[in-house]
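*Asks:* The structure is given below, and queries will be raised subsequently.
The values are calculated or read from the model by the stated rules, or taken from the named source; none is laboratory data. This structure is a prediction, so every number in the text was calculated from the model and none was measured. Cβ atoms come from the backbone with ideal geometry, glycine included; neighbour counts cover every protein chain shown.
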Amino acid sequence: MPELPEVETVARALRPHLTGRRITRVEVFSPKMREPLTPLMEADLPGRTVLAVRRRGRYLLLDLDDGRTLLAHLGMSGVIRLEGAEVPRRKHEHVFLFFEEDLIFRFECPRRFSVLKICSPKCPGEDPPELATLGVEPLSEAFDAEYFFRRSRGRTGPLKVFLMNNEIVTGVGNIYATEALFAAGLRPTRQAGSLSRKECGMLVTAVRQVLRNAIAAGGTTIHDYRHVDGSEGKFEQELRVYGRAGQPCEVCGTPIRTVRLGGRSSAFCPHCQK
DNA sequence: AGAGATACCTGGGAGC
DNA sequence: TGCTCCCAGGTATCTC
């Protein structure tokens, strides 16, 4: 499922193809999504040129030459592909954005959890109001031990739920939160506010390392995620606890256990994670 | 304000 | 084989 590394991989793949390209036509096939897609038909997109392709958290942003921004969220099963018209439309491809030179931006989402909408930032190129509540980027300098320590004071909820809270740090979903907690040796059930400064530092370092490794590997292919060209990410080969419930911990051999936190299953090693 | 639960959606797998 | 049930999970929204 697309988390930050997957969206970053998509943004990097789209950037050279879409930057400076003009939209010629829009086709919406399935108006019923988490948010209806029909406004895209009426948004007067044909003739607009993409000025920049950006990522913020798990959101993909295409800045247009009229100051508006096309905002995409892949939900848990969204896939974006760039293909020509010769490829037949797949069952769950809901939107086609046609670009010059027979290039089609295809938006697929079997579970309809994705969002594709047009936004109007206060200033062109800035984040649209829809993203105002997002926390810091985990790979920016703002995400450091002191920040995590300060924001977690007084929090009694589980550490993993806190780490996945988009208003604190954005883009860390279930896979990478699970892996980062293992790398840092911290239990997902710990109260967020119980971490020492040193533990906050270890966790911040682990989050950044796991995300960097995943981006370098082209993301993780679990269930639905695919690259823009349809290929799979390579990071699943590096997963150490996610999806390994019952299997021995590769460090100590203790069987990996799971616990349900915030409605999400969370794998951990009861021996290595304190 | 924070914590916890729930709805949204559909494909895939388990179990019968 | 075909049916039902459950699970995957980011986000919004609700209650307490």
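*Asks:* When the residues of region A:82-104 are narrowed to those that are within 16 Å of DNA strand B (Cβ to nearest atom) and part of a loop (DSSP other than H, G, I, E, B), which ends up surrounded by the most Cβ atoms within 10 Å (Cβ to Cβ)?
*Replies:* Just the residues of region A:82-104 that are within 16 Å of DNA strand B (Cβ to nearest atom), to begin with: A:89-95.
Going one step further and asking which of them are part of a loop (DSSP other than H, G, I, E, B), we end up with A:89-92.
Working: A:Arg89: 14, A:Arg90: 13, A:Lys91: 8, A:His92: 18.
Per the stated criteria, the residue is A:His92.
*Asks:* Only one of A:Phe162, A:Phe143 is of a type outside the set (Gly, Ala, Ser) and either away from DNA strand B (no atom under 16 Å from the Cβ) or assigned to a strand (DSSP E or B) (or both); which?
*Replies:* Working: A:Phe162 fails: either away from DNA strand B (no atom under 16 Å from the Cβ) or assigned to a strand (DSSP E or B) (or both).
On inspection, the qualifying residue turns out to be A:Phe143.
Results for (1) closer than 14 Å to A:Gly125 by Cα; (2) touching a Leu at 6+ places or on another chain (Cβ under 6 Å), shown as yes or no for each residue.
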| position | (1), (2) |
| --- | --- |
| A:Arg56 | yes, yes |
| A:Leu64 | yes, no |
| A:Gly78 | no, no |
| A:Glu86 | no, no |
| A:Arg89 | no, no |
| A:Glu93 | no, no |
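*Asks:* Could you grab me the full set of residues in region A:12-34 that are assigned to a loop (DSSP other than H, G, I, E, B) and under 19 Å from A:Arg90 (Cα atoms)? Before the answer, list the steps.
*Replies:* In the first step, residues of region A:12-34 are kept if they are assigned to a loop (DSSP other than H, G, I, E, B); the result is A:19-21, A:29-34.
Once the filter is applied, which keeps residues that are assigned to a loop (DSSP other than H, G, I, E, B) and under 19 Å from A:Arg90 (Cα atoms), region A:12-34 yields A:Phe29, A:Ser30, A:Pro31, A:Lys32, A:Met33.
*Asks:* Taking A:Val136 as meeting all but one of (1) without any contact (Cβ under 8 Å) to a residue 12 or more places away in the chain; (2) closer than 22 Å to A:Glu3 by Cα, write down the number of the exception.
*Replies:* If we test A:Val136 against (1) without any contact (Cβ under 8 Å) to a residue 12 or more places away in the chain; (2) closer than 22 Å to A:Glu3 by Cα, just (1) comes out false.
*Asks:* For region A:29-54: of the residues being in contact with a helix residue (DSSP H, G or I) (Cβ under 8 Å, 6 or more places away or on another chain) and surrounded by 19 or more Cβ atoms within 10 Å (Cβ to Cβ), which is nearest to A:Arg111 (Cα to Cα)?
*Replies:* It comes out as A:Val53.
*Asks:* Filter region A:36-67 down to residues that are over 25 Å from A:Ser140 (Cβ atoms) and either assigned by TED's automatic domain parsing to the domain that holds A:Gly173 or in contact (Cβ under 8 Å) with a residue 60 or more places away in the chain (or both), then give me how many there are.
*Replies:* Looking only at that region, the number is 5.
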